[in-house]
Amino acid sequence: MLKDITLGQFFPGNSLLHRLDPRTKILCSILLIVAVFLAKSALAYGVLILLTAALIIISQIPAGTVFKALKPLIVIIIITAFFNMFFTGGEEENVLADFRIWFLHPVIRVEGIVSAVKMALRIVLLILQTSVVLTYTTSPIDMTDGIERLLSPLAKIRVPVHTFAMMMSLALRFIPTLIEETDKIISAQKSRGADFSSGNVIRRVKALVPVLIPLLLSSFRRADDLALAMECRCYRGGTGRTRMKIMKMTAKDFLFILFCALFIAVRFLPMISSSALGITGMNFSF
Amino acid sequence: MAFIECKDVSFSYGEGENRKAAVKHLSLSIEKGTFTAVLGHNGSGKSTLAKLLCSILLPDEGEIFVDGMKISDENLSEDDLIELHRKVGMVFQNPDNQLVATVVEEDVAFGPENLGVEPAEIRRRVDEVLKIMDISEYARHSPTRLSGGQKQRVAVAGILAMRPSCMIFDEATAMLDPQGRKEVMETIGKLHDEMGITVIHITHNMEEALEADRVIVLNDGVIALDGTPHEVFSETEAMQRMGLDVQQPTKLLHELRLAGVPLDDGITDLDACAREICRFCAGKKQ
């Protein structure tokens, strides 16, 4: 069950995205996030969907695996869409449904539905793009390196950049290990008669306590072991450390950054959505 | 002076009333290039000894020298400590808790990176040790997908890349299946026979200890037996008294003999044991 979670995992490969400099990929992820948030019109969203599809194809990671990244976030997407549907203001003539429940008066307007779809799309695009461009194609050590070098100017004002980067990469390293362990503990508790799948929400949450406590304890033990092992392998922080892989930005890196920066221009694509839908007087302001 | 010299070393855990001596007035010297097995039941002080030799723990009393350097010194400089850790590598029990990277070759590079080795040289060393450990084909794999024995070989490779002269295996086979154990024992053989590395193998597995040049049995923080495997294992009585796992058939025959049944208790083989009991039973019927 837990093995399906792939968010934040690296899939080794040799695609263009795998070969890009991690700094490029971090910068491009930021650029694409900005592009997604700036998008307003249906055309803009269309362009971004095409871009995301293209990125998935370039990454050479099976689409099924990529979409698995969405699984743990489905609930968040649904809740976001739901609230957007009811809490977006708009014109009276655009009311599609009108409910009266006790003193509540929820109203669904065209604007609400449009905004719900947009919000859901936004989250989906954000996750797919960042996972394909960054987390799936960049090994955590590369990512750490990338972040460390991008933020290295901050080290001059005594921000512990290396420490943060190391902590992050170790956290990522232990995700699969801890997932495996959680599965084991769940099986162990089930074999002792624990029941995780029946009863109401509160009961089920309570049933997880005997899973989380052993997991927490063993994490501390692991952290202890790991610190010792790192010390024995001569780790003493970022000072005097070299890297096996030297990072070098090449022409393809600069081109890719330029390419991603282009998509910020989606903001200025004409607002075709309203005219295509034939609705006049709609105002998509966020 | 021998490669490792312990002179009257004592170490206790805890403070005040809870103070518990783990190693008591222990003196020991280990020559360069030898393969020593350290045996002992849980709490006999064998892991503490390993930690003392790596300067992870500092002795309360006594002195420890490694390769002529006094390491039982509170004021040991950081550079000396790093040099010690480079020289004396440790492989720990849990294969998961000592791997820091999500890609095998990056994990192997971790040690040399910490030592500030030049990138090209790190690359050369990584390729070389992966080949020695016979894991080149997994160089780009994630360690989480390897078997226990393979993970331990990655850990050994990570230490070998630092060019150590001594390696301590702290119960490195305890969590492995028989196949993994075999792999690790073959690895130890290779390190000792072909590369001339001083190996200290801490274990509670008798069969593994048989492969060493010298066996040291620790009991209650003191050296109880010390000699060649043959010398140590012929002390059946003493071994059993220290709670060490004597072979099952030997144990059974020994117990029967103590109960007054006249049997030969020098037998270690299961079939021979069965024959011995049959012979006795047949003799009794007549």
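The values are calculated or read from the model by the stated rules, or taken from the named source; none is laboratory data. Everything numeric here is computed off the predicted structure, so don't read it as measured data. Note: ideal-geometry Cβ built from the backbone for every residue, glycine included; neighbour counts use all protein chains shown. These area figures cover heavy atoms from the full protein model, side chains too; ligands, DNA and RNA do not enter into them. Shrake-Rupley method; radii C 1.70, N 1.55, O 1.52, S 1.80 Å.
Consider A:ALA35 against the criteria (1) of a type in the set (Gly, Ala, Ser); (2) surrounded by 14 or more Cβ atoms within 10 Å (Cβ to Cβ); (3) without any contact (Cβ under 8 Å) to a residue 12 or more places away in the chain: it satisfies all of them except one. Which criterion is unmet?
(3)
Which of the helices (runs of 4 or more DSSP H) found entirely inside the stretch B:167-238 contain at least 3 residues meeting this: open to solvent by 80 Å² or more (accessible area, probe 1.4 Å)?
Passing ranges, in order: B:178-193.
Tally time: how many residues in the stretch A:197-240 are part of a loop (DSSP other than H, G, I, E, B), open to solvent by 40 Å² or more (accessible area, probe 1.4 Å) and either within 19 Å of A:GLU180 (Cα to Cα) or basic (Lys, Arg) (or both)?
Final tally of qualifying residues: 1.
So which of B:ARG125, B:ARG145, B:ARG140 is surrounded by 15 or more Cβ atoms within 10 Å (Cβ to Cβ), among the charged types (D, E, K, R) and at the interface with another protein chain (Cβ under 10 Å from one of its Cβ atoms)?
B:ARG125
Given the stretch B:1-118, what helices (runs of 4 or more DSSP H) lie entirely inside it while holding 1 or more residues that are of a type in the set (A, V, I, L, M) and crowded, with 23+ Cβ neighbours inside 10 Å?
Ranges flagged: B:46-53, B:104-114.
How many residues does the stretch A:238-254 contain that are more than 16 Å from A:SER139 (Cα to Cα) and within 7 Å of another protein chain (Cβ to nearest Cβ)?
Result for the stretch A:238-254: 3.
Out of curiosity, is A:ASP183 at pLDDT 80 or above, in contact with a Ser or Thr (Cβ under 6 Å, 6 or more places away or on another chain), open to solvent by less than 40 Å² (accessible area, probe 1.4 Å) and more than 10 Å from chain B (Cβ to nearest Cβ)?
no
With respect to B:MET167, determine if the residue is more than 10 Å from every other protein chain (Cβ to nearest Cβ) and touching a residue at least 12 places away in the same chain (Cβ under 8 Å).
The answer is yes for B:MET167.
Those residues that are within 15 Å of A:LYS118 (Cα to Cα) and surrounded by fewer than 16 Cβ atoms within 10 Å (Cβ to Cβ), I need them from the stretch A:39-68; list them, please.
A:GLY46, A:ILE49
Considering each residue of the stretch B:90-112, count those that are within 7 Å of chain A (Cβ to nearest Cβ) and either under 14 Å from B:GLY158 (Cβ atoms) or at pLDDT below 90 (or both), and give that number.
13
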